[in-house]
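This report concerns only the one structure given below.
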Amino acid sequence: MDAVIDDPNIVPDAKAPVPGAIDLRAEFSSSGLAEVFDQLDRELVGLVPVKQRLREIGALLLVDSARKRFGLEAVSPTLHMSFTGNPGTGKTTVALRMAEILHRLGYVRKGHLVTVTRDDLVGQYIGHTAPKTKEILKKAMGGVLFIDEAYYLYRPENERDYGQEAIEILLQVMENQRDDLVVILAGYADRMERFFTANPGFRSRVAHHVDFPDYSAGELDAIGGRILETMNYRMDAGAQEAFRRYIDLRMLQPHFANGRSIRNALDRARLRQANRLFNAERPVTADDLVTLTAEDVLASRVFSGGIDSYPPLHPSN
Amino acid sequence: MRLTQGAFSFLPDLTDEQIGKQVQYCIDNGWAVNIEFTDDPHPRNTYWELWGQPMFDVRDAAGVMFELNECRKTYKGRHYIRVSAFDSTHTWESLRLSFITDRPEEEPGFALERQEVDGRSIRYTTRAYAANRPEGARY
Ligand SMILES: Nc1ncnc2c1ncn2[C@@H]1O[C@H](COP(=O)(O)OP(=O)(O)OP(=O)(O)O)[C@@H](O)[C@H]1O
Ligand SMILES: [Mg+2]
């Protein structure tokens, strides 16, 4: 659907003077990218390889737009990506930032993120899938479409599965409307690999594969700190010590979901704190209200050999 | 005879780029964009067929252009297609903009009919030549 311009003399950008040289560093700060990456470093714990990849992609795009200004025709780069990693490793969080980065660089016009799973794309009966998929695609245009657990789109055991129809529409739009939206596929590494093997069309359209490693205990502790900070809570020394032990135990248990398990554990600690304050039957100070103590953490079933509540209290996002 | 209904109809047909910009303007104003089509060009035919649903939650014109191209696949050359934008703000609650994006290749136009009534009086009415044929077979 390339725009047709009536008058061949009106070529956009024709009047923009060709610069002598472009200072990439200056571009980097003036585009606001420097700020986004700094924020990324500050707010997201760990994820070194991921941040590195994002910087690389950012550099590619900057160079690309510099080339364009010299009149070096660059085919607009394929920006579709796949994010692989275990639950709670920050894929959704980073996808949000990715949308912002691409927006700042002018690769998506609006910079919003539409998060979907199979159910949002695939219908229940014949003729239901195409309109559903198209509806989502329209919504995502100008921004980023994030497909969580993308492999569920493909059900090889059922050859009549409607997922195939959604896949075909997606592939078509990913190819023909690269300027209109960026698709990020996310999921666990091994299943994504199988998905790409079975759907070479996707593999060839996805240029960037970003792997999200599991967090170390230290990183999880730091993530807990960030989360508490944003919620305006803090832990006293005893609670901190208990929380570290909690992390070590919880990491070994089934259904461990990295950052999300931390968030859920903190939510439960807040619940216990609220109960403790309520039952104390004495007036509370501001300090009481923001402080989590050791007993708020230690009451967790994890310490008595139990499993912390599953499914998580909070729906995955 | 070139049909002139809605905005911009005295200009040359808008390019897709121009349509996209108008659509983005509508979206930025918070209006719901619709795609409509008809093969009855009579100016009193205000209710055109709606293609799909009104687009309330599309953020970028590309989404609307996608749907417009789908509509074209079915009706281009055989029907008129227009884009309209509905403002749901209280006290507006009506269309704010409407313009034709696609028209049939041949537009035979309208016949003016004079009906002599009540002695020397004459009533005028217009009739689209295309409407002589049944719906769907007009262009
Ligand atoms: N590096 C990090 N720094 C700070 N917080 C983080 C980090 N990684 C994850 N979190 C927190 O962990 C939670 C889960 O992260 P997120 O939803 O991005 O994971 P996910 O990889 O999308 O998980 P899933 O695969 O289950 O959808 C979020 O609440 C987020 O705030
Ligand atoms: Mg997620």
Which residues, counting only those in the stretch B:7-29, are surrounded by fewer than 17 Cβ atoms within 10 Å (Cβ to Cβ), part of a loop (DSSP other than H, G, I, E, B) and within 14 Å of chain A (Cβ to nearest Cβ)? B:Leu11, B:Pro12, B:Asp13, B:Thr15
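Let's see how each residue does on (1) closer than 25 Å to A:Gly225 by Cβ; (2) more than 20 Å from the chain's Cα centre (by Cα):
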residue: A:Ser29; (1), (2): no, yes
residue: A:Glu35; (1), (2): yes, no
residue: A:Asp38; (1), (2): yes, no
residue: A:Arg42; (1), (2): yes, no
residue: A:Glu56; (1), (2): no, no
residue: A:Leu61; (1), (2): no, no
residue: A:Ala66; (1), (2): no, yes
residue: A:Ser76; (1), (2): no, yes
residue: A:Leu79; (1), (2): no, no
Matching residues in the stretch A:254-263 (over 14 Å from A:Gly85 (Cα atoms) and open to solvent by less than 30 Å² (accessible area, probe 1.4 Å)) number 2
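Taking the condition away from ligand 2 (no atom under 16 Å from the Cβ) and without any contact (Cβ under 8 Å) to a residue 24 or more places away in the chain, does A:Val63 pass?
Numbers: away from ligand 2 (no atom under 16 Å from the Cβ): yes; without any contact (Cβ under 8 Å) to a residue 24 or more places away in the chain: no.
So A:Val63 does not fit the description; no.
Open to solvent by 10 Å² or more (accessible area, probe 1.4 Å), in contact with a Phe, Trp or Tyr (Cβ under 6 Å, 6 or more places away or on another chain) and basic (Lys, Arg): does that describe A:Arg97? Quick ask: steps written out before the conclusion?
Details: open to solvent by 10 Å² or more (accessible area, probe 1.4 Å): yes; in contact with a Phe, Trp or Tyr (Cβ under 6 Å, 6 or more places away or on another chain): no; basic (Lys, Arg): yes.
Considered against the rule, which asks whether it is open to solvent by 10 Å² or more (accessible area, probe 1.4 Å), in contact with a Phe, Trp or Tyr (Cβ under 6 Å, 6 or more places away or on another chain) and basic (Lys, Arg), A:Arg97 comes out as no.
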Which one of these does A:Gly88 not meet: (1) within 16 Å of ligand 2 (Cβ to nearest atom); (2) under 24 Å from A:Leu170 (Cα atoms)? (2)
Can you confirm whether the stretch B:90-102 contains a residue that is within 14 Å of chain A (Cβ to nearest Cβ), open to solvent by less than 20 Å² (accessible area, probe 1.4 Å) and polar (S, T, N, Q)? yes
Taking the criterion of being of a type in the set (Val, Ile, Thr), touching a residue at least 24 places away in the same chain (Cβ under 8 Å) and within 16 Å of ligand 2 (Cβ to nearest atom), would at least one residue in the stretch A:249-264 satisfy it? yes
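What number of residues within the stretch A:273-308 satisfy the criterion of being open to solvent by 60 Å² or more (accessible area, probe 1.4 Å) and either over 12 Å from A:Phe243 (Cα atoms) or of a type in the set (Val, Ile, Thr) (or both)?
Filtering the stretch A:273-308 down to residues open to solvent by 60 Å² or more (accessible area, probe 1.4 Å) leaves A:275, A:278-279, A:281-287, A:289, A:295, A:298-299, A:301, A:304-305, A:307.
Right, trim to either over 12 Å from A:Phe243 (Cα atoms) or of a type in the set (Val, Ile, Thr) (or both) and you get A:275, A:278-279, A:281-287, A:289, A:301, A:304-305, A:307.
Residues that pass the stated criteria total 15.
Look at A:Pro77 and say whether it is modelled with pLDDT under 85, open to solvent by 20 Å² or more (accessible area, probe 1.4 Å) and within 14 Å of chain B (Cβ to nearest Cβ). Reasoning before the result, please.
Details: modelled with pLDDT under 85: yes; open to solvent by 20 Å² or more (accessible area, probe 1.4 Å): yes; within 14 Å of chain B (Cβ to nearest Cβ): no.
Spelling it out, it is not the case that A:Pro77 is modelled with pLDDT under 85, open to solvent by 20 Å² or more (accessible area, probe 1.4 Å) and within 14 Å of chain B (Cβ to nearest Cβ).
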Are any residues in the stretch B:59-92 touching a strand residue (DSSP E or B) at 6+ places or on another chain (Cβ under 7 Å) and in a loop (DSSP other than H, G, I, E, B), and if so, which ones? B:Lys76, B:His79, B:Ser88
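To keep it simple, each residue is scored yes or no on (1) surrounded by 15 or more Cβ atoms within 10 Å (Cβ to Cβ); (2) more than 16 Å from ligand 1 (Cβ to nearest atom); (3) modelled with pLDDT under 90.
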{"residue": "A:Leu61", "(1), (2), (3)": "yes, yes, yes"}
{"residue": "A:Lys68", "(1), (2), (3)": "no, yes, yes"}
{"residue": "A:Asn86", "(1), (2), (3)": "yes, no, no"}
{"residue": "A:Thr89", "(1), (2), (3)": "yes, no, no"}
{"residue": "A:Leu105", "(1), (2), (3)": "yes, yes, yes"}
{"residue": "A:Arg118", "(1), (2), (3)": "yes, no, no"}
{"residue": "A:Leu121", "(1), (2), (3)": "yes, yes, no"}
{"residue": "A:Ala140", "(1), (2), (3)": "yes, yes, no"}
{"residue": "A:Leu145", "(1), (2), (3)": "yes, no, no"}
Examine the stretch A:10-24 for a residue that is modelled with pLDDT of 70 or more, away from chain B (no Cβ under 14 Å) and surrounded by 14 or more Cβ atoms within 10 Å (Cβ to Cβ), and state whether such a residue exists. yes
Lone unmet requirement of (1) open to solvent by less than 20 Å² (accessible area, probe 1.4 Å); (2) in a helix (DSSP H, G or I) for A:Val210: (2)
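I'd like to know if the stretch A:194-201 contains one or more residues that are surrounded by fewer than 17 Cβ atoms within 10 Å (Cβ to Cβ), in contact with a Pro (Cβ under 7 Å, 6 or more places away or on another chain) and not assigned by TED's automatic domain parsing to the domain that holds A:Asp248.
Just the residues of the stretch A:194-201 that are surrounded by fewer than 17 Cβ atoms within 10 Å (Cβ to Cβ), to begin with: A:194, A:197-198, A:200-201.
After this cut, where a residue has to be in contact with a Pro (Cβ under 7 Å, 6 or more places away or on another chain) as well, the list is A:198.
If we keep only those that are not assigned by TED's automatic domain parsing to the domain that holds A:Asp248 too, we end up with A:198.
The answer is yes; a qualifying residue exists.
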Of all the residues that make up the stretch B:103-130, how many are open to solvent by less than 40 Å² (accessible area, probe 1.4 Å) and of a type in the set (A, V, I, L, M)? 4
Every residue from the stretch B:45-89 that is open to solvent by less than 70 Å² (accessible area, probe 1.4 Å), within 14 Å of chain A (Cβ to nearest Cβ) and aromatic (Phe, Trp, Tyr): B:Trp51, B:Phe66
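The values are calculated or read from the model by the stated rules, or taken from the named source; none is laboratory data. Here the structure is a predicted model, which means the values were calculated and not measured. Using ideal geometry, Cβ is built from the backbone for each residue, glycine included, and neighbour counts are taken over all protein chains shown. The area values use the complete protein model at the heavy-atom level, side chains included, leaving out ligands, DNA and RNA. Shrake-Rupley method; radii C 1.70, N 1.55, O 1.52, S 1.80 Å.
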